[in-house]
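Chemist: One structure coming up, written as structure tokens, with questions to follow.
The values are calculated or read from the model by the stated rules, or taken from the named source; none is laboratory data. Model, not experiment: these values are computed from the prediction. Cβ atoms come from the backbone with ideal geometry, glycine included; neighbour counts cover every protein chain shown.
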Amino acid sequence: MDVTFRISGIPSTADATRKRIPFAVLKGTDLVLKSPLGPDASVNEHLVWLWGMLKHRRRYLKSLAAQGAKMTAQVKGFRRPIEIKPNGPEMLHLLGVTLTFTD
């Protein structure tokens, strides 16, 4: 399973943005933060890890969104059942992030 957080449509230079978000890498013009948790971790655990990396930059991320950046989270290669606990979607709610599941 691969769980990522992506910022596209970044209004400022991507390199400057990368410096503000540890472990994030540039993929084209998008900034991508990938959860390092293994495939045995639940979707919820991946989301909680991502939020732990992003929550102290919430104000900065909201300012990017206000300038037109789009934030998404993607779960690729997931297995069922999927359980999302109340602490998992906190990032999605507070940052207005869309979560997608793909095979």
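Chemist: Given the stretch 1-71, what strands (runs of 3 or more DSSP E) lie entirely inside it while holding 2 or more residues that are of a type in the set (Gly, Ala, Ser)? Spell out how you get there, then give the answer.
Modeler: On the way: elements: 2-8, 25-27, 30-34.
Counting at least 2 such residues, we get no strands (runs of 3 or more DSSP E) at all.
Chemist: Which condition breaks for VAL3 when tested against (1) surrounded by 12 or more Cβ atoms within 10 Å (Cβ to Cβ); (2) more than 25 Å from GLU83 (Cα to Cα)?
Modeler: The number of the failed condition is (2).
Chemist: Of the conditions (1) touching a residue at least 60 places away in the same chain (Cβ under 8 Å); (2) surrounded by 13 or more Cβ atoms within 10 Å (Cβ to Cβ), ILE84 satisfies every one except a single condition; which number is it?
Modeler: So ILE84 meets the others, but not (1).
Chemist: Across the stretch 90-103, what is the total count of residues that are closer than 12 Å to HIS46 by Cβ and in a loop (DSSP other than H, G, I, E, B)?
Modeler: Adding up the residues that qualify gives 0.
Conditions tested, residue by residue: (1) under 19 Å from LYS76 (Cα atoms); (2) at pLDDT 95 or above; (3) surrounded by 18 or more Cβ atoms within 10 Å (Cβ to Cβ).
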residue: ALA14; (1), (2), (3): no, no, no
residue: THR29; (1), (2), (3): no, no, no
residue: ASP40; (1), (2), (3): yes, no, no
residue: VAL43; (1), (2), (3): yes, no, yes
residue: LEU50; (1), (2), (3): yes, yes, yes
residue: LYS55; (1), (2), (3): no, no, no
